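**Student:** Can you keep this structure in mind? I'll have questions shortly.
The values are calculated or read from the model by the stated rules, or taken from the named source; none is laboratory data. Model, not experiment: these values are computed from the prediction. Cβ atoms come from the backbone with ideal geometry, glycine included; neighbour counts cover every protein chain shown.
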Amino acid sequence: MLDRAEDRITADGRQIGGVMLDLKNITLRFGGVTAIKDISFDIRQGEIRAIIGPNGAGKSSMLNVISGFYVPQQGEVWFRGEKRGPIKPYQVARQGVARTFQNIALFDGMSVLDNIMTGRLTHMRAGMLAQAIWLGPAEREEIENREKVERIIDFLEIQNIRKTPVGRLPYGLKKRVELARALAAEPQLLLLDEPMAGMNVEEKEDMSRFVLDVNDEFGTTIALIEHDMGVVMDLSDRVVVMDYGRKIGDGTPDEVRNNQEVIDAYLGVAHD
Ligand SMILES: Nc1ncnc2c1ncn2[C@@H]1O[C@H](COP(=O)(O)OP(=O)(O)OP(=O)(O)O)[C@@H](O)[C@H]1O
Ligand SMILES: [Mg+2]
């Protein structure tokens, strides 16, 4: 059960609820490399939680733990009040966790619309065979899926490219299509790995607005890795700071900005 007793309202009027995801003492190793060292933090219902830190700090590894792609050697993952057992990424997806990738992972030859439709896969009940031989329910499901996808296309303002093969799109729009695909899964928890990396100022502003709108309009909880501190400060409710696999800061953007260890390890130096 979510701990509703701790609900609070943010300065801009959004409601933050109890703990949705609780990571307890997570340690993740790759052979001799310890990517995550005994890190604990939580993500609350409805919040935008940023994860920041220098290159190689373990940020993407942490998102991969949350999405079930990596299984930590130590520690516990609690999602919506239940301790996660042995579980596959597709099962985590079915529980309502969707993500975008640091390196865009779309099907270049497929249209924007079809790429976004792949985000509906976790919701599809009728299989391919059913679609082929038993059109009734499958057809209804297809129509329902298309309607949901069209709403997301409108929401992200990409109607004009819906038939365009993704391979032909500029980088900034590909990132937006990836967000659309993740949203098509109707996630409760959305994991964004550097959604604004490599974007120009205008593209970053657009993406920031969409992230805020998703959080606001769908109530989606968001974990966000981002190097642009201006974006992090503007968007996030709370920030976790990682450095060499350790957690060196955790708090509101203001608390983190004034944390000397964070300044020394990260904020004092330039990042891409
Ligand atoms: N699949 C893997 N196999 C071996 N080592 C890995 C693997 N994934 C990550 N690592 C190592 O774990 C450490 C953390 O990497 P990670 O990608 O999580 O960092 P990051 O904070 O996302 O960095 P960046 O800002 O560059 O994306 C690095 O030393 C990296 O080389
Ligand atoms: Mg990374």
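**Student:** Counting only residues that are modelled with pLDDT of 75 or more and touching a His at 6+ places or on another chain (Cβ under 9 Å), give me the helices (runs of 4 or more DSSP H) lying completely in region 110-174 with at least 3 of them.
**Tutor:** Fully inside region 110-174 and qualifying: 135-155.
**Student:** Now for a different question. Would you confirm whether any residue within region 69-92 is within 16 Å of ligand 2 (Cβ to nearest atom) and in the same structural domain as D228 (by TED's automatic domain parsing)?
**Tutor:** Yes, because at least one residue in region 69-92 is within 16 Å of ligand 2 (Cβ to nearest atom) and in the same structural domain as D228 (by TED's automatic domain parsing).
**Student:** Pairs please, first residue from region 209-227 and within 15 Å of Q15 (Cβ to Cβ) and among the polar types (S, T, N, Q), second anywhere and within 16 Å of ligand 1 (Cβ to nearest atom) and in a strand (DSSP E or B), Cβ atoms under 8 Å, 6+ apart in sequence or on different chains.
**Tutor:** Hits for this filter: T221/R49.
**Student:** Picking from E217, E194, E178, E261, which residue would you name as being farther than 24 Å from Q95 by Cα and of a type outside the set (S, T, N, Q)?
**Tutor:** E261
**Student:** Report every pair of residues separated by at least 6 positions or lying on different chains whose Cβ atoms are under 7 Å apart, first residue within region 88-100 and over 8 Å from S67 (Cα atoms), second outside any helix (DSSP H, G or I) and polar (S, T, N, Q).
**Tutor:** G96/Q188
**Student:** Of everything in region 55-83, what is surrounded by 20 or more Cβ atoms within 10 Å (Cβ to Cβ) and not hydroxyl-bearing (S, T, Y)? Give them in sequence order.
**Tutor:** Listed by number, the residues that qualify are A57, G58, K59, M62, L63, N64, V65, I66, G68, P72, V77, F79.
**Student:** Still on this structure, please answer the following. Within region 217-237, count every residue that is outside any loop (DSSP other than H, G, I, E, B) and either within 15 Å of the chain's Cα centre (by Cα) or within 16 Å of ligand 1 (Cβ to nearest atom) (or both). Walk me through how you get there before you give the answer.
**Tutor:** Of region 217-237, the ones outside any loop (DSSP other than H, G, I, E, B) are 217-218, 221-225, 229-235.
If we keep only those that are either within 15 Å of the chain's Cα centre (by Cα) or within 16 Å of ligand 1 (Cβ to nearest atom) (or both) as well, we get 218, 221-225, 229, 231-232, 235.
Summing the residues that are outside any loop (DSSP other than H, G, I, E, B) and either within 15 Å of the chain's Cα centre (by Cα) or within 16 Å of ligand 1 (Cβ to nearest atom) (or both) in region 217-237 gives 10.
**Student:** Sort through I36, I51 and tell me the only one that's within 13 Å of ligand 2 (Cβ to nearest atom), closer than 19 Å to P86 by Cβ and touching a helix residue (DSSP H, G or I) at 6+ places or on another chain (Cβ under 9 Å).
**Tutor:** On the way: I51 fails: closer than 19 Å to P86 by Cβ.
Matching residue, one of I36, I51: I36.
**Student:** T100 is checked against (1) more than 16 Å from ligand 1 (Cβ to nearest atom); (2) surrounded by 15 or more Cβ atoms within 10 Å (Cβ to Cβ) and fails just one. What number does that condition carry?
**Tutor:** Condition not satisfied by T100: (1).
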